[in-house]
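Reading through the structure tokens given below for one structure.
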Amino acid sequence: MKILVVGSGGREHALCWAFGKSQKVDKIFCANGNHGISEQAERVDILPNDIQGLLNFTVQNKIDLTFVGSENPLALGIVDEFEKHGLKIIGASKAASQLESSKSFGKDFMARHNIPTARYKIANSVKEASEILESDFPGDKSLPIVVKADGLAAGKGVIVAVNRAEAMKAVNELAQIAGKVAAQKIILEECLIGKEVSLLLFTDGKNFVLMPPCRDHKRIGEGDTGANTGGMGTFTDNKLLSEQQIKQICREIVEPTLKGAAAENFPFAGILFLGLMLTIDGIKVLEYNVRFGDPETQVILVRLKTDLVDICEAIDSQTLSQINIEWEAGSSACVILAAKNYPQTPVTGSIIYGLDEFAKTDDLNIFHSGTSKDSKGNVITAGGRVLGVTVKSGDLDSALEKAYQIVSKINWNGMRFRRDIGK
């Protein structure tokens, strides 16, 4: 069968790699991909947001299954458009995508269905945000407040303000950081304290299967300091959540979410991503994502034993309860190597050295996020996050040790990475 993966980052590279392991797959295309993805798939020069172009390509090339990696095409309604033409596609509908594409929609949805989350208010202007901070967040002015842009902002639309003064500064800055469209509304939230965990799941709208829990490191600097990024590294480890906590999450969050979506006439099928905070008051939802995360995808898929095509077909036919999805035991880790000046405007065009100094195996993968080739055939940086060194091993310490051994062999001018992933 022929597969089309939509997107261009490390997530999509990992998806192409996973599909490439299937005995059922003859050909993989990726729109629009990056240099590393070309090892597993034929790159298609169509942007992920070009829904009509992707539709035409899928029909003309008789694609059997399309998998949407990135959030923007989902928010634009690619799934609705493909299904209208009878094409098989995995991803959330446009209506369901609002759980991620509009943080205010997601928060209000949680409130309607009694899903535990942080106390919040929505502002439609800077003036209203100022009034909300005075009236709804009185008390101790030194308490941290989370300020979020309503729309999609590539993981950079969230600012944790240390006090109300910083919160007002963040409100004024968000339009520039996240873009004017993303910041038409501002969400102000109490700052939840605890340990953060991401839990992803496959779902066909009624049935669901959890993936291994993972933890992302969003900040650019060691010790979780500096600006938020799209993610500087992540790891899976079954010790992140106890069996009791998993049962609680299913009962209080997953099941009400799926039932609520169905009740509101947008049954959710595809990949659901729960950003969770383990607080002293219980487990609460930080955010929904309606697709795989990046770099969560990398560490999750290297542990997947079941054929990804079989999972996709079960989602499409609403028979997810009839297959047994298996995972490799142990842990996995991904260390992101980023370009100089990231997460601000990254320096691109730097030659990457060391990629040929080790052999890739099922336990070791270098997933490309932002790479290209220059006129001389050198692999060069072409984005903010450039590579994801991903290792699967029997335990977390071993996975991290092996990942950092590989990181030490790769370099380019200004390469930056965190040395405390998994710590």
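Each value in this text was obtained by applying a stated rule to the coordinates, not by laboratory testing. Computed from a predicted model, the values in this text were never measured in an experiment. Every residue, glycine among them, receives a Cβ derived from its backbone with ideal geometry; neighbour counts consider all protein chains shown.
For the reader, a short list of remarks on this structure follows.
- Rounded to the nearest 20, the size of the Cβ-charge dipole of the stretch 277-423 about its Cα centre is 800 debye, with Lys and Arg at +1 and Asp and Glu at -1.
- Pairs of Cα atoms nearer than 8 Å and 6+ residues apart set the relative contact order; for the chain it is 17 percent.
- Principal semi-axes in Å for the stretch 248-384 [√(5λ), Cα gyration tensor, largest first]: 35, 20, 16
- Normalised by 2.2 N^0.38 Å, where N is the number of residues, the alpha-carbon radius of gyration of the chain equals 0.95.
- Taking the Cα atoms of the stretch 195-322, the ratio Rg/Rh between the radius of gyration and the Kirkwood radius comes to 0.97.
- Within-14-Å neighbourhood charge of residue 397 [Cβ basis; K, R +1; D, E -1]: 0
- The chain: antiparallel DSSP beta bridges as a percent of all, rounded to 5: 80
- Exposure proxy ranking, count of Cβ atoms within 10 Å, fewest first, for 409, 402: 409, 402
- Remark: the chain carries a charge dipole of roughly 560 debye about the Cα centre, counting +1 on each Lys and Arg Cβ and -1 on each Asp and Glu Cβ.
- Dipole of the chain, positive end: most advanced residue of 90, 144, 329 [Cβ charges, Cα centre]: 144
- Under the Debye formula (equal points on every Cα, no solvent term), log10 I(q)/I(0) of the stretch 2-91 at q = 0.14, 0.15, 0.25 Å⁻¹: -0.40, -0.46, -1.33
- Across every direction, the projection of the convex hull enclosing the Cα atoms of the stretch 331-407 has a mean area of 5.3 nm².
- For 350, 372, the sequence from fewest to most other C-beta atoms within 10 Å is 372, 350.
- Farthest toward positive dipole pole in the stretch 331-407 [+1 Lys/Arg, -1 Asp/Glu at C-beta], among 344, 396, 365: 344
- By the beta-carbon count within 10 Å of each Cβ, the least crowded to most crowded order of 191, 16, fewest first, is 191, 16.
- Set 305/373; 62/373; 195/239 screened for pairs whose C-alpha atoms are more than 21 Å apart: 305/373; 62/373
- Our summary gives the stretch 1-150 a relative contact order of 17 percent, counting only alpha carbon pairs under 8 angstrom and 6 or more residues apart.
- Three-way shape call for the stretch 222-268 based on the alpha-carbon gyration tensor, with the a/c threshold at 1.5: oblate
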